[in-house]
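Here the structure comes first, spelled out in structure tokens, and everything after it is commentary.
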2 protein chains.
Amino acid sequence: MRLSTKGRYAARLMLELALHYGKGPMLLRDVAEREEISEKYLGQLVAPLKAAGLISSSRGAHGGYALANAPKDISLCEIVQAVEGNLALVECVHSPKICSRVNSCVTRDIWGRLSERLTEELESISLQDIVYQHRRKQSAQPLTYTI
Amino acid sequence: MRLSTKGRYAARLMLELALHYGKGPMLLRDVAEREEISEKYLGQLVAPLKAAGLISSSRGAHGGYALANAPKDISLCEIVQAVEGNLALVECVHSPKICSRVNSCVTRDIWGRLSERLTEELESISLQDIVYQHRRKQSAQPLTYTI
DNA sequence: GTAATCACTACTAATTTAATAGAATTAGTA
DNA sequence: TACTAATTCTATTAAATTAGTAGTGATTAC
């Protein structure tokens, strides 16, 4: 029950855009370098994020990507959902037709409620929260070199 | 971020054993028939469940499987964990060594806390709870044939 | 001793994941 | 207009995972 790289990388991509918020579009190349993720692979993740209205892009020279809204108005849930699809822990929760047992299957109900709880948790975390936690953690980090 | 058939089938297998609790060992063949799951595949799931101390088995004629403890004393968390391994949403939470960024990566902290919340939710659901909900649902079910 | 049952191991087809590669499109600027 | 920098789109692929199937061996009740 692991989150794939899509969701994980999308979260890191969005964090970089949030850290750059208000400073114009950010190059995908820079995001890729800072997060040590393949630029080409990130290139595939921005499409669904844009389709979901979470980021905007400008092409050509001096182009790049920027958050479509303020960090406080973007939830982690939206980010993960954009790249991973619905967050149901089992497929039958969203696609009842795939199983003939849905009407009698109590485990489906349980997985459904758990999926809702998980979604609520993800909704409660905003990109702004992640920025705060990142800044706090950065300032607590020891330097990686000695003077 | 889906639960695999291992976790889902294990939950259904354990529910059948719980419904049969106190009536001696239950044949895997009967579990397979009632739940419409391949008996051979279920045969692979019982090994980790037994290793985790959740079920006991008796071999030979009149053998079968039974819960090792009362349904109220077995949590859904134990069942899923037995067959799926640890419930971390991302691998680096339990295996920090696989990524050099763990010390500075704030998203790892977030996935870690979410994994904990999910684990708590699963711990709060006992097999007895599932039996209750199953019985309630069964009695509310309309008959599948008309008189 | 034989039939019934669990136990163990090996194999496999299909799907998903995690990319890589390259051509096409768009926009700013000299 | 031509050039360059950037996103956008589509195809391909190697590796890993999933969801089984198959067969043989070990154990026990009768």
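Conditions tested, residue by residue: (1) out of contact with any Lys or Arg (no Cβ under 7 Å at 6 or more places or on another chain); (2) in contact (Cβ under 8 Å) with a residue 60 or more places away in the chain; (3) within 14 Å of another protein chain (Cβ to nearest Cβ); (4) more than 11 Å from DNA strand D (Cβ to nearest atom).
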| site | (1), (2), (3), (4) |
| --- | --- |
| B:15 | yes, yes, yes, yes |
| B:18 | yes, yes, yes, yes |
| B:48 | yes, no, no, yes |
| B:55 | yes, no, no, yes |
| B:77 | yes, no, yes, yes |
| B:101 | yes, no, yes, yes |
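One residue alone among A:24, A:43, A:53, A:60 is modelled with pLDDT under 95 and loosely packed, with under 14 Cβ neighbours inside 10 Å, and that residue is A:60. Do we find that residue A:120 is closer than 18 Å to residue A:9 by Cβ, assigned to a helix (DSSP H, G or I) and of a type in the set (Asp, Glu) in this structure? No. Would it be correct to say that residue A:3 is away from DNA strand C (no atom under 16 Å from the Cβ) and surrounded by 13 or more Cβ atoms within 10 Å (Cβ to Cβ)? No; evaluated as a whole, the condition is false for this residue.
The values are calculated or read from the model by the stated rules, or taken from the named source; none is laboratory data. Predicted model, so just to flag it, every value in this text is computed and none were measured. Because the Cβ atoms are built from the backbone with ideal geometry, glycine has one as well, and the counts that use them run over all protein chains shown.
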